[in-house]
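So the structure is just underneath, and the comments pick up after that.
Every number in this text was worked out from the coordinates using simple rules, so none of it is lab data. Small disclaimer: the values here were computed from a predicted structure and weren't measured. FYI the Cβ positions are ideal-geometry reconstructions off the backbone, even for glycines, and counts take in every protein chain you see.
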Amino acid sequence: MEQETIMDETPTKKKIVSVGDLPGIGPSSLEKLEAAGFRDLLSIAVATPGEVVGATELSEQTAKKIIAIARANLQMGFESGDELLRRRERCIKIGTGSKEFDKLLGGGIETGAITECYGQYGSGKSQLAHTLAVRCQLPIEEGGAAGIAVFIDTEGTFRPERIVQIANHVGLDKDVALKNIRVARAFNSDHQALLSEKVEDLIKNEGLPVRLLIVDSLTAHFRAEYVGRGTLADRQQKLNKHMHTLAKLANVYNIAIYVTNQVMMKPDTFFGDPTEAIGGHIVGHNSTYRVYMRRGKKGTRVAKMIDSPNLAETEAVYVLDEGGIKDA
C-alpha cells in the first residue's frame, strides 16, 4: 500500500493545476487515478470519496481532503445569467446540409451538448452521422466547426466510401476529409466506454481540434449484453456513467456529441406511433436534444424534435442522396 502524505488542516499555498499537484497523491496513486479516468481536477472535484478510494489505496479521509482541495481550486459555485450567456456564445452549430433540419435544431448540431437521434433502420441516422463527420470540417462561416470528427462505430456502419461522396459534394478534398476523421470500432460496451474516455487523449496529448464525437449506435452493445429484467439495473447504471463521460467531454472541450439510438415497439400502444427509444429515462434525461427520425412519403424522411430545453416540437422533411442530407 502506498504511504500517504500526512496533511494538516491548513490549506496548501501551492497552486493546484493538475491531479499530480494534490497533496497525498504519489506516483502510484496518480497512475491508478488516471487509469480510472480521473485525469483532471474537475473529475476529482465531482467524484465521491468512495470512487476515489476504489480507484486507489488511499484512505477515505485523504480522498475527502483531495476532493475538497480540487473543488476549492476550481471555485465551483454559482455564476450569473449573463456569464452563462457569454459562455453559450462560444457554441458552434454544425449544419446538416438541410435548411429545414437545421431550423429544427436551432441552427444545427450544437457543441457543448448531446444530440440523440433515434428511429427505425433506414431513417437516416447513420447517414446524418457521415454527413456531420464531413461538414464539421468546413469553416464556421460555411456551417462547419473548423475541426475534426471522432467516430465510435459499434455496429460496423462507418463507410469511408460514403465520406468520399459527401466530401466531393461539399467541395472538400476527399483525402483530407478522411484523414480528419478518427474512427474506432467498439466490440463491446466496455470497449465503447473506454474509447469515449480516450477522446480526451486526442485533445490533450495529440492536440487535435476535435469538434464532433459520433457514437453510432449508443445502445446496441448494452442491449445485446444485458438481456432480461434482472440485468436492467446494471445496464442502466453503466449506460448512465457512459453518458456522463460524453456530457463532460461536450462541456469541458466544447464538442458536439451526436449519438444514434435504436428503437423498440410497444405492443400496448393502440393509438399513435408505438416506436420507443432504447435506454429509457437514463438516455432521455442525459440527452440535451432528442430527435425522432422516420420514413416519410415518396422517399422522404421526417425528423421531429421530441425534447429540447429551448426549441419547439416541430418537424422537418428531408431526403437522402449521394451528397448526404438535403431539403426535400
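Descriptive notes on the structure:
- Ascending count of other beta-carbon atoms within 10 Å, so fewest first, for Asp201, Asp102: Asp201, Asp102
- For segment 113-201, chymotrypsin sites (Phe, Trp or Tyr not before Pro) meeting the loop criterion (DSSP other than H, G, I, E, B) and having at most 15 other Cβ atoms within 10 Å: Tyr121, Phe187.
- Helix 125-135 axis, angle to the chain major axis (alpha carbon atoms, nearest 10°): 70 degrees
- Simple Cβ-charge dipole of segment 95-159, Lys/Arg +1 and Asp/Glu -1, about Cα centre, in debye nearest 20: 140 debye
- The angle separating the long axis of helix 160-170 from the principal Cα axis of greatest extent in the chain is about 70 degrees.
- Note: relative contact order over segment 202-299, using C-alpha pairs below 8 Å and six or more positions apart, is 31 percent.
- Segment 106-211: C-alpha gyration tensor shape, a/c 1.5 cut-off, then a/b vs b/c: rounded
- Among beta bridges identified by DSSP and lying wholly in segment 86-327, the antiparallel ones come to about 45 percent.
- C-alpha center-to-center spacing [segment 91-130, segment 34-66] in angstrom: 36 Å
- Once Cα Rg over 2.2 N^0.38 Å is calculated for the structure shown, the corresponding label among (i) 1.28; (ii) 1.21; (iii) 1.08 turns out to be (iii).
- Peptides ranked, highest mean first, by Cβ atoms within 10 Å: ranges 38-47, 160-169: 38-47, 160-169
- Size of charge dipole - the chain - debye, nearest 20, with Cβ of Lys, Arg +1 and Asp, Glu -1, no other charges: 700 debye
- Think of the chain as having a plus end and a minus end, set by charges on the Cβ of Lys, Arg, Asp and Glu; of His242, Gly284, Leu104, Leu104 sits farthest toward the positive end of this dipole.
- The relative contact order of the chain, computed from alpha carbon pairs under 8 Å that lie at least 6 residues apart in sequence, is 20 percent.
- Mean Cβ count within 10 Å, highest first, over the residues of peptides 53-59, 110-116, 304-310: 110-116, 53-59, 304-310
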